[in-house]
Amino acid sequence: MTDLESFRAEVRGFLEESAPESIRGWVNQDGYWGGKNPELPHPDAKRWCDIMAERGWTCPTWPKEYGGGGLDKVQAKVLDQELGRLKLPPPLTGFGLSMIGPTLLQFGTEEQKQEHIPKIIRGEIRWCQGYSEPNAGSDLASLQAQAVIDGDEITLNGQKIWTSYGDKSDWMFVLTRTDNNVKKQQGITFLLIDMEQPGVEVRPIKLISGASPFCETFFDNAKASTGNIINGLNGGWTVAKALLGHERNMIGNVFGGGGPRGERRGPPRNPLAELGREYLGEQDGRIADQVLRDRISQVSVDHQAFLLTMQRNNDNLKAGHRPGPESSIFKIYGTELNQRREELMLSIRGPQSVGWEGPGFEEAETTQTKAWLRSRGNTIEGGTSEVQLNIIAKRVLELPE
Ligand SMILES: Cc1cc2nc3c(=O)[nH]c(=O)nc-3n(C[C@H](O)[C@H](O)[C@H](O)COP(=O)(O)OP(=O)(O)OC[C@H]3O[C@@H](n4cnc5c(N)ncnc54)[C@H](O)[C@@H]3O)c2cc1C
């Protein structure tokens, strides 16, 4: 038996013995986010996370010394395949895993890594992102939330906006202004701050879809320690950009990957074609409506091609490659593909896709209406499509400004 074969046998044995029966086959769009007061989208979600975290397999390729799995890219793939074999969902999700964790591994001091990475791996802290402000979105470097340092203590005043899950998070990674007298990018400090304190107020914002996925966050003499500055005073812009690379990959994966997370682990199927057959009927063994049939084929092919591209990219990341400006390509393509898919599902369902609640509509139909509305934000969050095009022109294609 080769090393890899015995590793596969070990993984298989462990999962068969330890994974709760109840969670096998569980399909959920959002997954388990952890945190101090975790929401349980499935009764065994936390248990499943704890079981995997014990082995570092919530973050399979992160270093063992911080509690990660220490697996190489090939072993991580084996783990993924074995999880798929038992239809097991990812044990943990969230901005700790996808954004601040990898950023801390790159820029954090040894002390900062020892402090924060194990908690991310165990899903103990839920993180949110404090970048955007009312007057700093695409032009992020214009941010004004002011941090003043006195000894070891930092005092923060100002406002952030569109803070996704700010009301559910324990800690925030936040961009602050620490020097007003230099070029704007050079006066920014990247800070980690505990949200549970009197100086932080979070107000949820209600969206057209009825959900409140993000908040306004106000800092009124909020406190942090200088030990939680990442990459030194005024060194925040480099960290901010690196984190955005991780964010854009994540957005490309989540929205461009398509369908609830667990679904990607199941046997190959085409939910768009299934929906087409259900709502449009069949003629000669094919989806009856020719125009929609063509659109279904096109989106399905584009989706498959994108999945393969993302798989290649994700393998590179697992092997230690850091995301570069190409993450803007994945972000723009993945989110625009998701919008095309949502719009197509709306067309397939026809009048059944305009329901909000009440009789006459299935739950899947009203959920679809809300998902379509939610997808409008895809091309804004993590930087708008126009901003991604600017980055691609400048940093990928190296076109003159
Ligand atoms: C669902 C969702 C979740 C979000 N979550 C978070 C979060 O957790 N944390 C956080 O900090 N932020 C979050 N955001 C905010 C997001 O990052 C900003 O909305 C985004 O960066 C755009 O900024 P803005 O809204 O200020 O728009 P603006 O920057 O005011 O842009 C307005 C329009 O002008 C265009 N534009 C601006 N500058 C240029 C340019 N140079 N060239 C071409 N066109 C340009 C834009 O493309 C856009 O169409 C979230 C947003 C959404 C929709």
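A short reminder: the numbers here are calculations on the coordinates, not readings from a lab. Note that the structure is predicted; figures quoted are calculated from it, not measured. When we count neighbours, we look across all protein chains shown, and the Cβ atoms used for this are built from the backbone with ideal geometry, even at glycine.
Worth pointing out:
- Segment residue 401-residue 283, length gained on full extension (0.36 nm per residue, minus Cα span): 37.2 nm
- Residue among 330, 107, 173 with the largest mean-square fluctuation in a Gaussian network model of the chain, springs linking Cα atoms under 10 Å: 107
- Computed label-point distance, nm, for sites residue 373 and residue 3 using a 7 Å Cα→Cβ extension: 5.4 nm
- Relative contact order computed over region 3-100 (Cα-Cα under 8 Å; 6+ residues apart), in percent: 34 percent
- Theoretical gain in end-to-end length, residue 27 to residue 322 [0.36 nm per residue, Cα-Cα removed]: 103.2 nm
- Spatial separation of Cα centroids for region 18-93 and region 298-346, in angstrom: 22 Å
- Pair residue 85, residue 311: separation of 7 Å Cα→Cβ label points (nm): 1.7 nm
- Relative to the longest principal axis of the Cα atoms of the chain, the long axis of helix 290-318 lies at roughly 40 degrees.
- Reported value for region 127-234: 93 Å³ per residue, from the convex hull of its C-alpha atoms.
- Full-extension gain in nm, residue 343 to residue 389, via 0.36 nm per residue minus C-alpha separation: 14.3 nm
- Gyration tensor (alpha-carbon) shape descriptor, region 1-71, a/c threshold 1.5: oblate
- Phi to ³J(HN,Hα) by Karplus 6.51 cos²θ - 1.76 cosθ + 1.60 over region 69-86, Hz, x for Gly, Pro: x, x, 7, 8, 4, 6, 5, 4, 5, 4, 4, 4, 5, 5, 4, x, 4, 9
- Computed 3J(HN,Hα) for region 273-282, one whole-Hz value per residue from the Karplus formula 6.51 cos²θ - 1.76 cosθ + 1.60 where θ = phi - 60°, is 5, 4, 5, x, 5, 5, 8, 9, x, 10, glycine and proline marked x.
- Measuring between alpha carbons in the structure, the pairs from 241/370; 119/184; 46/87; 206/370; 184/223 lying more than 21 angstrom apart are 241/370; 119/184; 184/223.
- Cα-based convex hull volume of the chain per residue, rounded to whole Å³: 163 Å³
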